[in-house]
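Novice: My questions all concern the structure below.
Nothing in this text is a laboratory measurement; each read-out follows from the coordinates by a stated rule. What you are looking at is a predicted structure, and each value in this text was computed from that prediction instead of being measured. Methodologically, a virtual Cβ is constructed for each residue, glycine included, from the backbone with ideal geometry; neighbour enumeration extends over all protein chains shown.
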């Protein structure tokens, strides 16, 4: 199954509000993140459960990926239009913990999320991700490249991306920094992969349990 086939498996209507706030390019950026994440998740995991941490005001990625069971975490309440996803409303900056049993998930995704979280709690959160993944499960992270922060803020001023989202960025990461957090959380570095996408404006990273 390739990424195009996966993205065609939309199980509910697409909301125009992929993020809080407005931005002309936000729908396109959401599609590109979903495509990249789907490319990074092996087919062998898709009969299990997936958790999308920080899914946003509308769970765009979960609505554009195939998994047997889907779970979401966000600080916002579950939209009334979303019924096929198990939704948990949590503030991960206040309490970076995941309320799931060990080995519960095949995959955990954090797409354009870590930049919104306090670095102080990120090790704890990644430790919980490591705990809730079953052996062979995968964590997928995307985040803006550190050098693109100024560009994103300029784009927000032009309403190309959501100013509400950009203004809440707490920290921007480099690939070595993400690797450090993965290692502190218990992921083996030989099972960690990194790369760039969206014309190197964004980073992706995967860590296998």
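Novice: How large is log10 I(q)/I(0) at q = 0.17, 0.22, 0.23 Å⁻¹ when the Debye formula is applied to the Cα atoms of segment 62-175, each weighted equally and without solvent?
Specialist: These q points yield log10 I(q)/I(0) values of -0.97, -1.37, -1.41.
Novice: Could you list, bin by bin from short to long, the percent of Cα-Cα pairs of segment 79-131 in 5 Å steps?
Specialist: 4, 16, 27, 26, 17, 9, 2
Novice: Cα gyration tensor of the chain, axes a ≥ b ≥ c as square roots of the eigenvalues: rounded (a/c below 1.5), prolate (a/b > b/c) or oblate?
Specialist: Cα axes put the chain in the rounded bin.
Novice: I would also like to ask the following. Quote to one decimal, in nm, the extra length available between residue 94 and residue 80 on full extension: 0.36 nm per residue of separation minus the C-alpha distance between them.
Specialist: Length gained, residue 94 through residue 80: 2.5 nm.
Novice: For the chain, what is the calculated [θ] at 222 nm in deg cm²/dmol (nearest 500), taking -39500 (n - 2.57) for each run of four or more DSSP H residues and dividing by its residue count?
Specialist: Rounded to the nearest 500, the figure is -8000 deg cm²/dmol.
Novice: Kindly put 155, 189, 110 in sequence by how many other C-beta atoms sit within 10 Å of each C-beta, fewest to most.
Specialist: Ordered by Cβ neighbours within 10 Å, fewest first: 189, 155, 110.
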